[in-house]
1. Among what's in the stretch 274-297 and is of a type outside the set (Ser, Thr, Tyr), within 13 Å of ligand 2 (Cβ to nearest atom) and part of a helix (DSSP H, G or I), pick the residue that is surrounded by the fewest Cβ atoms within 10 Å (Cβ to Cβ).
2. May I ask you to say which residue of 87, 116 is without any contact (Cβ under 8 Å) to a residue 12 or more places away in the chain and out of contact with any Lys or Arg (no Cβ under 7 Å at 6 or more places or on another chain)?
3. Residue by residue through the stretch 3-15, note down the ones that are part of a helix (DSSP H, G or I) and surrounded by fewer than 24 Cβ atoms within 10 Å (Cβ to Cβ).
4. Restricted to the stretch 98-124, and to residues that are farther than 22 Å from residue 29 by Cα and part of a loop (DSSP other than H, G, I, E, B), which residue is modelled with the lowest pLDDT?
5. Between 178, 266, 226, which is within 23 Å of residue 49 (Cβ to Cβ) and surrounded by fewer than 17 Cβ atoms within 10 Å (Cβ to Cβ)?
6. Identify, please: which residue in the stretch 123-173 is hydroxyl-bearing (Ser, Thr, Tyr) and either touching a residue at least 24 places away in the same chain (Cβ under 8 Å) or under 21 Å from residue 83 (Cβ atoms) (or both) and is, among those, surrounded by the most Cβ atoms within 10 Å (Cβ to Cβ)?
7. Restricting to the stretch 305-318, what's the tally of residues that are more than 16 Å from residue 202 (Cα to Cα) and surrounded by 18 or more Cβ atoms within 10 Å (Cβ to Cβ)?
8. Quick check on this structure: which one of 247, 242 is buried (at least 20 other Cβ atoms within 10 Å of the Cβ) and either free of Cβ contacts under 8 Å to residues at least 40 places away in the same chain or on the phi > 0 side of the Ramachandran plot (or both)?
Amino acid sequence: MASTPEVVVFGAGSIGCYVGGRLAATGATVRFIGRERVVAEVRAHGLHLTDWQGADLKVPAADVRIDTGPEALSTADLVLVTVKSAATEEAGQTLAPRLKPGAIVISFQNGLHNAAVLRGLLPGHTVLTGMVPFNVAAQGQGHFHAGSEGTLEVERHAVLAPFVEAFTRAGLGLKQHADIVAVQWAKLLFNLNNALNALANLPLKEELSQRAWRRCLALAQGEALAVLGRAGVKPAKLTPLPPGLIPVLLGSPDAVFGVLAKKMLAIDPKARSSMWDDLHAGRKTEVDYLNGEVVRLAHQHGVSAPVNARLVELIREAEGGQRRPWTGEALLADLKQAELTNVS
Ligand SMILES: NC(=O)C1=CN([C@@H]2O[C@H](COP(=O)(O)OP(=O)(O)OC[C@H]3O[C@@H](n4cnc5c(N)ncnc54)[C@H](OP(=O)(O)O)[C@@H]3O)[C@@H](O)[C@H]2O)C=CC1
Ligand SMILES: CC(C)(CO)C(=O)C(=O)O
């Protein structure tokens, strides 16, 4: 490995530009691979990375190495895969013939199986599961803003040692976990809100400030927790409150929630979920990799998950162009009805 390891971001979008941009702005050697639209934007404006706590970093256009082609992969020591889940297989196929021996790959994606998909396509390489806890919104003109807190998390592995300092210097952290599956499930419980946020068509903070939307999330999480219990999966504790108690907190009245869940509401007022981004841009969402995983696990264990199945159905409907103007109350009634009739 060269004295300064080379990091390549595969999938320069919100997460890729933000994480890679902060690494580049603080001295790491980073190259980006992305689509023409993002490449043109970043070449024109450079990268501007801000966060909700006031961090403000820039990489001038002349210093950003970004391309649509995969050439940068051949010299990468570490590849961060930051495409949406449906694009993981194609990403792996692009990486496979180009990575040099010993190159390491981290999947910084939501969902459960992206690293496994990459591992299957990249035998001989160490592929690690990562987790991004914070929200990033693309603001245009190369500006990416992180609207909530958290440090990057990753599966524990000795190969990470040469890279930890760069992530720390960038203010991103790189917390290593022995049980990354537990971390992924804990994150997925939060990501059950992605579908709700997309249907609400509201910023996350506004949505989570309304009890009816929180009660929808409590229903989806409660159902998922019951399925996890049945499957013997214990989600990690990523917040001061254990995962099992979060639905109770979510169900509390607005005034109580506002006081008890200050941290959960410490979100940039404009931030929305990545699923809202996808629906808004007319792209297929990751709902199958989030709520769909709860439905699949339920079926594997001989039970059903009607609330999450209904959310998958509603998001598919919205992907197909049918956008209903949901209120939290109307969706809550719909989800309770799905639970009652229990067809999933
Ligand atoms: N945004 C957020 O706040 C958070 C997102 N995440 C997760 O992080 C992952 C990435 O999300 P996000 O950054 O929002 O996604 P984006 O859609 O913003 O970024 C992914 C980018 O990769 C591009 N891409 C896909 N395939 C290729 C390819 N073969 N070659 C080059 N570029 C490619 C996409 O282009 P195109 O769309 O044209 O295919 C897109 O521009 C997801 O799993 C998401 O759930 C996790 C935490 C927070
Ligand atoms: C950070 C969070 C939970 C919400 O933005 C997310 O993961 C997403 O939008 O996909």
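The values are calculated or read from the model by the stated rules, or taken from the named source; none is laboratory data. On a predicted model such as this, the values are computed, not experimentally measured, just so you know. Note that each Cβ is placed from the backbone with ideal geometry, even for glycine, and that neighbours are counted across all protein chains shown.
1. So the residue we want is 280.
2. The unique qualifying residue is 116.
3. 14
4. 124
5. Residue meeting the stated conditions: 266.
6. Filtering first and then ranking leaves 129.
7. Matching residues across the stretch 305-318 total 9.
8. Only one candidate qualifies: 247.
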